[in-house]
Amino acid sequence: MQLNKLVNFHKVMGDQTRIRLLVLLASEHALSGQELAEKLGVKPPTISHHIAKLKEVSAVYERRNKNTINYFLNEKAIKQHSEGLLTIISRSRKEEETVSQQKDNTQILENFLQPNGMLKTIPAQRKKKLIIFEHMIKDLEPGKKYTEKEINEHIMKFHEDYATIRREFIINHYMYRENGIYELNPQEMWAK
């Protein structure tokens, strides 16, 4: 959704009379300009002005019935504009969280890995441990089957206790084991 449309929608909604019009149309389903004017205690030209603004942002639509024009609430358009704002906000928040998470992950890797890539120690804290394990498996190929010996050799690039880490890979659903053959699970299955 274009930002200009979203801004214009919220500008139009920033009027008490327009909000009252929408509430009336939501409860009554369809009303003429005259009926709206009577219910709100304003003159018909005032209603015409506000309806025109609401039509600009597709919040209402009209249908002619002989000589009478009835106005209807366009709930779909209102919902779309409202969700548009939430989408923009949540997208921005997710981007900030991703950047922050990447910084945290980098710091954890720097704290637990030696310059040669070997682990100083296996972290005790689960969150840090999972970040280390994800770093360790990033070079493994999805869909490829590995023997236990191949997994042990891969783990030994990082730490000598391959048995403990191999078990952790299974416990935390990074890998699947059957008959001594290991395979990387899809990321959606990994422990969080």
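The values are calculated or read from the model by the stated rules, or taken from the named source; none is laboratory data. Computed from a predicted model, the values in this text were never measured in an experiment. Virtual Cβ from ideal backbone geometry, glycine too; neighbours counted across all protein chains shown. Areas reflect the complete protein model, heavy atoms only, side chains present, ligands, DNA and RNA absent. Shrake-Rupley method; radii C 1.70, N 1.55, O 1.52, S 1.80 Å.
Tell me yes or no: at least one residue of the range 29-49 is open to solvent by less than 50 Å² (accessible area, probe 1.4 Å) and closer than 14 Å to residue 13 by Cα.
Within the range 29-49 (the criterion being open to solvent by less than 50 Å² (accessible area, probe 1.4 Å) and closer than 14 Å to residue 13 by Cα), the answer is no, since none of the residues qualifies.
Being at pLDDT below 90 and either open to solvent by less than 20 Å² (accessible area, probe 1.4 Å) or among the charged types (D, E, K, R) (or both) is the filter here; which residues of the range 15-28 pass it?
Matches in the range 15-28: 28 only.
If you check residue 78 against the conditions, is it of a type in the set (A, V, I, L, M, F, W, C), free of Cβ contacts under 8 Å to residues at least 40 places away in the same chain, under 27 Å from residue 22 (Cα atoms) and assigned to a helix (DSSP H, G or I)?
It is false that residue 78 is of a type in the set (A, V, I, L, M, F, W, C), free of Cβ contacts under 8 Å to residues at least 40 places away in the same chain, under 27 Å from residue 22 (Cα atoms) and assigned to a helix (DSSP H, G or I).
Inside the range 17-57, can you point out the residues that are over 21 Å from residue 5 (Cα atoms), in contact (Cβ under 8 Å) with a residue 12 or more places away in the chain and not in a helix (DSSP H, G or I)?
Across the range 17-57, the qualifying residues are 29, 30, 31, 32, 42.
Pairs only if they're at least six apart or on different chains, beta carbon under 7 angstrom, first in the range 143-163 and under 18 Å from residue 185 (Cα atoms), second open to solvent by 70 Å² or more (accessible area, probe 1.4 Å) and part of a helix (DSSP H, G or I); list them, first residue then second.
Final answer for the pair search is 152/162; 155/162.
In the range 58-69, which residues are touching a helix residue (DSSP H, G or I) at 6+ places or on another chain (Cβ under 9 Å) and part of a strand (DSSP E or B)?
60, 61, 62, 68, 69
On the basis of being charged (D, E, K, R), more than 20 Å from residue 192 (Cα to Cα) and at pLDDT below 90, does residue 83 make the cut?
Taking the combined requirement at face value, the residue satisfies it.
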